[in-house]
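Novice: Below is a structure I'd like to ask you about.
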């Protein structure tokens, strides 16, 4: 069974990727963007007039995969074809500026460099959108002689690589002759080979690859059947594994996430977080790049798919083909770890997090209470507690334990609501509900450096003091805001009602 990793484990996986050596073979494309304002209709024809303000060249296709891999800190070799033209020179120059090895990027005098020219207009200050795309390309297959030259280059480069990626945009470079030869080379050298297939074509020349990554539409076209449910996706992946003799299939399902299916029938769908999709251009390249880095670093396929899911989500939120750095993905994941719902932890989860923070040299502070009606006194003492260390863990009494401590009329707010309110406070890192009357079990498992209680306590009266001091921890009591207590608030409310 494929296992979904926690956000914490994924973050650790991302940090351990290193700099795998990746070969990218496929259709090198140059993307040109002309951007401006579109505020009127032409007098010559019923078309928009674009008042051009900027013109930019970016990498597309396999070249974009190379660029994305560099942002993920991989060492990259580009193998493919460009035309003997200015666009080819521009593409090569941009790759070299990103420190991509271009020594196996060959010229074909029979074709132009593939260029996709996009015209992007902004109307009345709104978000810009594409209004036209013009393609300059030739898609006839490579000659056998040029294909053999590519295979010679691949034979030499594959000796020092960790993973091979094929990015097939159906521009005539990924011919069956070269693709089959490359897959055979990869198998001989025991190097994983991942394929992003062409749309609507014959997939037989990908036979024997380690992984193939079609999207929903590509899979439907290949198999001649719709993919509408999770079961459809898993069955489609299984059929592709069998037909193409590949180890696994990663089927991208746009808003529904990604399905990972192994040839042994083991598979699952990994959902994606709902996003305000802006531009899906480049999302497939981002998925291939992240899968490539993970496989090159010998990470599990489950971790690879989950990280690819996250990276693709960041990609679609940006206009055009955007390069997402490893640091940007890491930052996004760290933000997710601190989201309110993710702060609410079971005791085993909190103990694991505490161990991780302790290994990183961070000081852990613990406090506990019912927090039935959160008031200014609570907020003040929680902020003061957080200032005593790096991580603040709050143990929160369950509804049953509150009733045992405070009487049958309490709590006023239920457990889930109290936990959600605490988790929303920025000063709190983790909230751990517990059902015992004392926090002793939490203290034994979490082992905080500092145990803190609010200012109405004396240090000798702090419950759990003996547990923390026994292993060398510290006990503190914070200041108090005069008159601020749940009991006083409830009494004032009762008096007003009377």
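The values are calculated or read from the model by the stated rules, or taken from the named source; none is laboratory data. Bear in mind that the values here come from a model prediction, so they are computed numbers and not experimental data. Reconstructed Cβ throughout: ideal geometry from the backbone, glycine too, with neighbour counts over all protein chains shown.
This table checks each residue for (1) farther than 20 Å from residue 406 by Cα; (2) touching a residue at least 40 places away in the same chain (Cβ under 8 Å).
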| residue | (1), (2) |
| --- | --- |
| 429 | yes, yes |
| 432 | no, yes |
| 436 | no, no |
| 443 | yes, yes |
| 454 | no, yes |
| 459 | yes, no |
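Novice: Can you report the number of residues in the stretch 49-94 which are assigned to a helix (DSSP H, G or I) and surrounded by fewer than 24 Cβ atoms within 10 Å (Cβ to Cβ)?
Specialist: Here the count works out to 10.
Novice: So how many residues does the stretch 95-109 have that are under 15 Å from residue 165 (Cα atoms) and either out of contact with any helix residue (DSSP H, G or I) (no Cβ under 9 Å at 6 or more places or on another chain) or assigned to a loop (DSSP other than H, G, I, E, B) (or both)?
Specialist: Residues flagged as under 15 Å from residue 165 (Cα atoms) and either out of contact with any helix residue (DSSP H, G or I) (no Cβ under 9 Å at 6 or more places or on another chain) or assigned to a loop (DSSP other than H, G, I, E, B) (or both) within the stretch 95-109 amount to 1.
Novice: May I ask you to say which residue of 142, 154 is outside any strand (DSSP E or B), over 23 Å from residue 294 (Cα atoms), in contact (Cβ under 8 Å) with a residue 12 or more places away in the chain and assigned by TED's automatic domain parsing to the domain that holds residue 62?
Specialist: 142
Novice: Would you confirm whether or not the stretch 193-203 contains a residue that is surrounded by 23 or more Cβ atoms within 10 Å (Cβ to Cβ) and assigned to a helix (DSSP H, G or I)?
Specialist: Looking for residues that are surrounded by 23 or more Cβ atoms within 10 Å (Cβ to Cβ) and assigned to a helix (DSSP H, G or I), one finds none in the stretch 193-203, hence no.
Novice: Residues being surrounded by fewer than 22 Cβ atoms within 10 Å (Cβ to Cβ), free of Cβ contacts under 8 Å to residues at least 40 places away in the same chain, under 25 Å from the mean Cα position of the chain (by Cα) and under 15 Å from residue 263 (Cβ atoms): count how many of those fall in the stretch 204-223.
Specialist: 0
Novice: For residue 452, only one of the following conditions fails: (1) more than 22 Å from residue 379 (Cβ to Cβ); (2) at pLDDT 90 or above. What is its number?
Specialist: (1)
Novice: Right, next: Go through the stretch 111-142 residue by residue and tally those that are over 14 Å from residue 87 (Cβ atoms), at pLDDT 90 or above and surrounded by fewer than 14 Cβ atoms within 10 Å (Cβ to Cβ).
Specialist: The number of residues fulfilling the criteria is 4.
Novice: Further question on the same structure: Output the residues belonging to the stretch 284-313 that are modelled with pLDDT under 85 and either surrounded by fewer than 20 Cβ atoms within 10 Å (Cβ to Cβ) or over 21 Å from residue 237 (Cα atoms) (or both).
Specialist: Narrowing the stretch 284-313 to residues modelled with pLDDT under 85: 312-313.
Across the stretch 284-313, the qualifying residue is only 313.
Novice: Continuing with this model, one more query. Checking the conditions here, which among 39, 44 is more than 30 Å from the chain's Cα centre (by Cα), in contact (Cβ under 8 Å) with a residue 40 or more places away in the chain and surrounded by fewer than 17 Cβ atoms within 10 Å (Cβ to Cβ)? Outline the logic, then answer.
Specialist: Details: 44 fails: in contact (Cβ under 8 Å) with a residue 40 or more places away in the chain.
Result of the check over 39, 44: 39.
Novice: Filter the stretch 157-189 down to residues that are farther than 21 Å from residue 139 by Cβ and outside any helix (DSSP H, G or I), then give me how many there are.
Specialist: Summing the residues that are farther than 21 Å from residue 139 by Cβ and outside any helix (DSSP H, G or I) in the stretch 157-189 gives 5.
Novice: Residue by residue through the stretch 392-418, note down the ones that are touching a helix residue (DSSP H, G or I) at 6+ places or on another chain (Cβ under 9 Å), at pLDDT below 90 and within 13 Å of residue 374 (Cα to Cα).
Specialist: Within the stretch 392-418, 411, 412, 413, 414, 415, 418 qualify.
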